[in-house]
Structures are given as structure tokens and as C-alpha cells.
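Reviewing the structure listed below.
All of the numbers you see were taken from the coordinates with simple rules; none came from a lab. Bear in mind that the values here come from a model prediction, so they are computed numbers and not experimental data. Methodologically, a virtual Cβ is constructed for each residue, glycine included, from the backbone with ideal geometry; neighbour enumeration extends over all protein chains shown.
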Amino acid sequence: MELRLFGAQPAWSEPPTDADRAARQHNGTVNGARVRAPNANADLLERLTDIAAPTLVLWGTADEVVPPEGGQVFVQRIPASYRILIYGAAHSLLLAACRQFVALSTDFMERGERFLVAQP
């Protein structure tokens, strides 16, 4: 399971403890049940079109929990959104691709829509 979440080379200072693993298992069970419920995401999906702020959608190409195609719905529904795929990154981007996540997020917040243009 950790490989699916964090990838082959996670950016952690030390691996998760048994308590961390138990909490992740509990959260996964609760969230999984919520997502699989009938009309679970209907309200969220309807509200995505209300987002007016420029939005960066980051996804890992090696995400086995929610494959990259799963992020497309956000790009389709959020008016000013941009999707970037991080090659080889697993589900938990903050650990699977920490440097790329921070660099892309920072550049997007600092430069807005111009983040897509190479810096001089």
C-alpha cells in the first residue's frame, strides 16, 4: 500500500509509524465508503464550476489510487484550471514528488497563468 501512495522514493525523513499506518487505514476506509455512496460527489461536482480563482490541478502519472484520468473532471469543470502531470509520481504528491509539487505550486502562486511560460 505504501508503494501505491508514496512511490518508490518517498521524500520522508523517516517511514510511517504503526500509528500512522493505522490512521491511514482508518481514513481510507471512511473516505472510500463516502466516495462509493450513491451521489457521493454530486454536490462537489456541481460546485466546481463556482470556483473563480485560477486553480492548479496536479496529478501523478503513477497514481494507482486515483489514476491520472480522474483529475480530468476538475479541469473540465473549474473554469480557470490547469492540469500538470508529474511523471512517475504516486498518489501522495507531497511525499512522492515533494520537490516538483513545491516548485510547481510556488511558481503557479507567484506567477499565476504565466507559470506555463518558461522563465527568462
| remark: In the range 69-112, anything among the hydroxyl-bearing types (Ser, Thr, Tyr), under 30 Å from residue 14 (Cα atoms) and in contact (Cβ under 8 Å) with a residue 12 or more places away in the chain is listed as 87, 92, 105
| message | Please go through the range 63-79 and give me each residue that is surrounded by 15 or more Cβ atoms within 10 Å (Cβ to Cβ) and more than 17 Å from residue 53 (Cα to Cα), ordered by number. | response | 63, 68, 71
